[in-house]
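Undergrad: One structure coming up, written as C-alpha cells, with questions to follow.
The values are calculated or read from the model by the stated rules, or taken from the named source; none is laboratory data. Everything quoted here is computed from the prediction, not taken from an experiment. Positions of Cβ are backbone-derived with ideal geometry, glycine not excepted, and every protein chain shown enters the neighbour counts.
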Ligand code: FNR
C-alpha cells in the first residue's frame, strides 16, 4: 500500500510562495508514495477548553482525522518575525492534543523554508525544528532546505521554473523519502 506524506505550508495567503512550493513538491512523489497537500485554512486557534470540555470544532476533528492517515510530513515554512508563522505553530498545537494522542508522534518529517529575502527563513526553519523534537518527529538533517529569493522562482502561472532550485528540491525530496524509509516505525 502507498505511504502518504502530508505537505503543510505555513501560509494562508492566496498567492503564497510556500503554497506554490508545496504544489511543486506534490508532483515529486516517487512510486509507492502519495503526497497530499493538507490545508490549514479552516483551523481555529487552539483553545485547550475544546478538548477539556469535549467541544472540539469540526475543522479540528477533520484535520486530526486527516493527519492520522498521513505517515510523514513535509513542512514548508515562510518566516514571520524570525520565527515560524502562527498558522503552522497552531497546526502543531492542534495536532498535539488531546494529551497522549498526538497525531505527530514518530512521523518522519522534513522542513523546507523560504523567503523573498536572502536569509531563507533560517529562523523559522529552526524554531519549527525545536517543536518537532518535542513532538518526536525524526526530522531530516541534510540537505537543509533554505530557499532564498523565492519570489523569483515561479513563472506567470505560479509554477516552479525548471532549473537549479527545482533540481535541488527533487534531490531533497528523494533524500527525505530515504530518510522516511529508515525512520518510519
Ligand atoms: C514577513 N516576512 C518576513 N520575511 C523574512 O524573511 N523574515 C521575517 O522575519 C519576516 N517577517 C514577516 C512578518 C510578517 C508579519 C509578514 C506578513 C511577513 C516576509 C515574508 O517572507 C513574505 O511576506 C512571504 O511572502 C510570506 O510567505 P508566503 O505567504 O509567500 O508563503
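Undergrad: Among the numbered conditions (1) assigned to a loop (DSSP other than H, G, I, E, B); (2) under 18 Å from the mean Cα position of the chain (by Cα); (3) at negative phi, tell me where residue 136 comes up short.
TA: (3)
Undergrad: Any residue in segment 158-185 that's surrounded by 13 or more Cβ atoms within 10 Å (Cβ to Cβ): show its pairings with residues that are assigned to a helix (DSSP H, G or I) and at pLDDT 95 or above at Cβ separation under 6 Å, as long as the two are six or more apart or on different chains.
TA: 158/20; 160/24; 160/166
Undergrad: In segment 97-126, which residue that is part of a helix (DSSP H, G or I) and surrounded by fewer than 19 Cβ atoms within 10 Å (Cβ to Cβ) is farthest from the ligand (Cβ to nearest atom)?
TA: Step one: filter segment 97-126 for residues part of a helix (DSSP H, G or I), giving 122-126.
Now narrow it down to the ones that are surrounded by fewer than 19 Cβ atoms within 10 Å (Cβ to Cβ): 122-123, 126.
Working: 122: 9, 123: 6, 126: 13 Å.
So, considering only residues that are part of a helix (DSSP H, G or I) and surrounded by fewer than 19 Cβ atoms within 10 Å (Cβ to Cβ), the one farthest from the ligand (Cβ to nearest atom) is 126.
Undergrad: Return yes or no: is residue 93 surrounded by 14 or more Cβ atoms within 10 Å (Cβ to Cβ), more than 16 Å from the ligand (Cβ to nearest atom) and part of a helix (DSSP H, G or I)? Step through it out loud before you land on a result.
TA: Details: surrounded by 14 or more Cβ atoms within 10 Å (Cβ to Cβ): yes; more than 16 Å from the ligand (Cβ to nearest atom): yes; part of a helix (DSSP H, G or I): yes.
Yes; evaluated as a whole, the condition is true for this residue.
Undergrad: Right, another one. Any idea how many residues of segment 140-151 are under 14 Å from residue 77 (Cα atoms) and crowded, with 19+ Cβ neighbours inside 10 Å?
TA: Here the count works out to 3.
Undergrad: Counting just the residues of segment 59-82 that are surrounded by fewer than 17 Cβ atoms within 10 Å (Cβ to Cβ) and within 16 Å of the ligand (Cβ to nearest atom), which one comes out nearest to residue 179 (Cα to Cα)?
TA: The extreme case among them is 82.
Undergrad: Now for a different question. For segment 22-52, name all the residues that are under 15 Å from residue 171 (Cα atoms), touching a helix residue (DSSP H, G or I) at 6+ places or on another chain (Cβ under 7 Å) and buried (at least 18 other Cβ atoms within 10 Å of the Cβ).
TA: 24, 25, 28
Undergrad: Residues that are within 12 Å of the chain's Cα centre (by Cα) and under 30 Å from residue 159 (Cβ atoms): does segment 55-66 have at least one? Walk me through it before giving the result.
TA: Initial filter on segment 55-66 (within 12 Å of the chain's Cα centre (by Cα)): none.
Checked segment 55-66: no residue is within 12 Å of the chain's Cα centre (by Cα) and under 30 Å from residue 159 (Cβ atoms).
Undergrad: Right, something else. Scanning segment 1-54 for residues that are over 21 Å from residue 103 (Cα atoms), in a loop (DSSP other than H, G, I, E, B) and touching a residue at least 12 places away in the same chain (Cβ under 8 Å), which turns out nearest to the ligand (Cβ to nearest atom)?
TA: Only one residue fits best here, namely 16.
Undergrad: Can you tell me which of 146, 176 is in a strand (DSSP E or B) and on the phi < 0 side of the Ramachandran plot? Walk me through how you get there before you give the answer.
TA: Details: 176 fails: in a strand (DSSP E or B).
None of the other options fit; the residue is 146.
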